[in-house]
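Enquirer: Shown below is the structure under consideration.
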Amino acid sequence: MSVPYPARPARSATERGELLAAFREERGSALAALRDEIAGTGCDPDALLAGTDHALTDLYGWLRDEVAARPDGEWQGEVRPFGGQGVPTWLRGPATCRLDRRSIALVDGIVSHVGELLSGQVPDADWRIGPRVDPARDGAIEFGVDADALDVAAVVAAASRVLPSPYRRRPDPPTVLRDVVRDATARVRRALAAGAGAAGPDATDRDDVVLIVEEGELPGEFELHADDVLAHATGGMLDGIVAALAADSAVSSAVRAERERVEVVAPTWSADTLRRWLTERGWPRG
C-alpha cells in the first residue's frame with residue numbers, strides 16, 4: 001500500500017538542522033489540532049490520548065473511522081500545499097500520498113502523540129535526523145539513538161493502514177499503533193542500556209574524551225566527532241554540548257547526527273572559533 005513517505009536527498013548540515021527545527025516546531029500545533037478534531041467528533045481527547053495500551057487501541061479505532069483517501073485517488077509527484085493548506089515537514093518533497101488533507105493533519109497529530117509518549121518512556125532519546133552514513137536513513141526524521149530508532153514514516157505507515165487495501169486479505173488488528181509504540185520503546189531502551197553498559201563507570205570522564213572539529217561542505221558548517229576509541233562512551237556528554245551550542249546566539253543549529261557526531265551551523269564562526277569554544281568550557285579538542 002502506498003503511504004506518505006519523505007524524500008531523502010543528500011542534505012547539507014544547514015538543511016538538516018532546518019528540517020529538524022521545522023519538524024519540532026510543528027509538533028505542538030499538530031497535537032493541539034488532533035485534540036480539537038477528537039473533541040469535534042464527540043470523543044474525549046484526554047481519554048484517547050492517555051497513552052495507555054487501551055487508549056492507543058481506541059485511538060487507532062477512532063482514526064479508522066476518521067481517515068479518508070484523497071477524492072482523486074492515489075496521487076504521486078511533488079507534494080505541494082493543496083486546498084489552501086500546507087503540508088507537514090515529513091511530507092515535503094517527492095512522495096506518494098493516498099490521504100486527503102484532513103487525514104494528513106490527523107496523522108501529523110498522531111506523530112506528535114507518539115513522540116510525546118516515547119519521550120516520556122525514554123527521556124534520554126529525542127527526534128533527530130538519520131545518519132548520512134546510511135543512505136536509506138539520510139535526511140529521515142526519526143526518534144531514537146544509533147541504529148535503534150523509529151522513523152516518522154513508520155508511524156505514518158501504521159496510521160495509514162486504516163485505509164482499505166486490495167493487498168491485505170484481512171483487516172489489521174486494532175493494536176497496530178500500540179505495537180509501534182511498544183516496539184520502539186523497547187528497542188530504544190535496549191540501545192541506551194547497551195551504550196551505558198559498554199561505557200563502564202569511568203569512560204565518560206571528559207578528560208579522556210578527545211573531540212575533533214572538521215569543517216563542513218559550506219562556510220559556517222562543522223562536524224564535531226568524538227575520539228573513535230571512546231565514541232561509545234560519549235552519549236550524555238555530546239548531549240550536553242548540543243544543548244550548550246544551541247543556547248549560544250552565534251549558533252544557528254546543533255544536531256546530534258550520530259552517537260559520536262554533532263553537526264553544527266554557526267555562520268560567523270571558523271573551525272578555530274569552535275575549537276576555542278570547546279577549550280573554554282574544558283573540552284579537549286583536536
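Enquirer: Is it true that A95 is in a loop (DSSP other than H, G, I, E, B) and at pLDDT below 60?
Expert: Against the criterion (in a loop (DSSP other than H, G, I, E, B) and at pLDDT below 60), A95 does not qualify.
Enquirer: With D65, D53 as the choices, which residue is surrounded by fewer than 18 Cβ atoms within 10 Å (Cβ to Cβ), in contact with a Lys or Arg (Cβ under 6 Å, 6 or more places away or on another chain) and modelled with pLDDT of 80 or more?
Expert: Just a single option satisfies the conditions, and that option is D53.
Enquirer: Taking the range 12-32 only, how many residues are crowded, with 16+ Cβ neighbours inside 10 Å and in contact with a helix residue (DSSP H, G or I) (Cβ under 9 Å, 6 or more places away or on another chain)?
Expert: 7
Enquirer: Picking from L34, L19, which residue would you name as being modelled with pLDDT of 80 or more and under 30 Å from F222 (Cα atoms)? Spell out the reasoning first.
Expert: Working: L34 fails: under 30 Å from F222 (Cα atoms).
Exactly one residue qualifies, and that residue is L19.
Enquirer: Sticking with this structure for a sec: Being at pLDDT 75 or above and basic (K, R) is true for just one of R169, R256, R206. Which residue is that? Please lay out each step first, then the result.
Expert: Working: R169 fails: at pLDDT 75 or above; R206 fails: at pLDDT 75 or above.
After applying the criteria, what remains is R256.
Enquirer: Separate question: Could you go through the range 229-242 and let me know if any residue there is in contact with a helix residue (DSSP H, G or I) (Cβ under 8 Å, 6 or more places away or on another chain), among the hydroxyl-bearing types (S, T, Y), surrounded by 16 or more Cβ atoms within 10 Å (Cβ to Cβ) and modelled with pLDDT under 70.
Expert: no
Enquirer: Give the residue, chosen from E37, E15, that is within 20 Å of the chain's Cα centre (by Cα), part of a helix (DSSP H, G or I) and not hydroxyl-bearing (S, T, Y).
Expert: E15
Enquirer: How about the range 134-155: which of its residues are modelled with pLDDT of 75 or more and part of a strand (DSSP E or B)?
Expert: Listed by number, the residues that qualify are I141, E142, F143, G144, A149, L150, D151.
The values are calculated or read from the model by the stated rules, or taken from the named source; none is laboratory data. These figures come from a predicted structure and were not determined experimentally. A quick note on method: Cβ atoms are made from the backbone with ideal geometry, for glycine too, and the neighbour counts reach across all protein chains shown.
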